[in-house]
Amino acid sequence: MGIRRPRPLTAIQQLIGLQRSLICRGQGTVRLGRLIWEFETRPTPLSRVYGVRVTYTQDATPRVLVIRPDLVDLAGGRKLPHVYEQRPTRLCLYLPRAREWNTSLSIPETIVPWAILWLFTSKSGSSLTTGKAAACIRRCFVSSARRILAIDGGGIKGALPIGFLARVEEVTGERIVDHFDFIAGTSTGGIIAIGLGLGLPASDVLAFYRNDGAEVFGDIATAARARWRDRLLAPIRK
């Protein structure tokens, strides 16, 4: 028996998937087998809003355009890397020869998150930071493996894991964030995760704990101990 190849998704099937997706709310149509879908996205709460248009016809690769703002203008007229066309900016999201995408794959589950990650890893929408950013896009959504860094809580004790990570960056000369798909944390670990996720060097996050840790975490801990002491001693005092 031969290997059955997955059937390509029609433009109508892709449209239904886009309409159901929570990450690309927008509007679109299918006419004469050609899908056009437009949506707005904000990669992070601190990012600008981008207008994106996806076009697709069956048995062809999707075209992804950033229709607003003008990325070339944001880049100060510099030539944008990792794009097929400058104006309007058509994004290059994967390696065609590596067969990382085919017409049996769902656009809202592949092309859309890849486009959002492209915008996330750009500097003010002008260019990708490094070649590793494009590799991260493919690794996150094409590979089944995920590399997750989870950081525990503990108040001022967050200086221990961030101190270790700062030393790793110092020895290797590479950013921790470039080696993980996701970074998460609880309590003080969440503060560290946010700092690393924003691209801060681990040494800068460590400096926060050294310079401001006692003030930020010390008073909280002291107040908490006082409250518990009062609760425990209240029955005795009565």
Open item on the list: Quick check: Cα centre of region 99-116 to Cα centre of region 154-206, how many Å?
Closed with: 31 Å
Open item on the list: I want the local charge near residue 55. Using Cβ-Cβ distances under 15 Å, sum +1 for each Lys or Arg and -1 for each Asp or Glu among the other residues.
Closed with: +2
- [ ] Work out how much length residue 70 to residue 214 would gain on full extension: take 0.36 nm times their residue separation and subtract the Cα-Cα distance, in nm to one decimal.
- [x] 47.3 nm
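Using a Förster distance of 30 angstrom, determine the FRET efficiency expected from the C-beta separation of residue 59 and residue 148, and round it to 0.05. Write down the numbers at each step before the final one.
On the way: r = 37 Å, r/R0 = 1.22.
With a Förster radius of 30 Å, E is 0.25.
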- [ ] For residue 78 paired with residue 102, estimate the spin-label separation in nm (one decimal), with each label point 7 Å from Cα along the Cα-to-Cβ line.
- [x] 3.8 nm
TODO: With a point put 7 Å past each Cα toward its Cβ, work out how far residue 42 is from residue 171 in nm, to one decimal.
DONE: 4.1 nm
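Just so you know, all these numbers are worked out from the coordinates, no wet-lab data involved. Computed from a prediction, not measured in an experiment: that's the story for all the values here. Cβ: placed from backbone, ideal geometry, glycine included. Neighbour counts: every protein chain shown.
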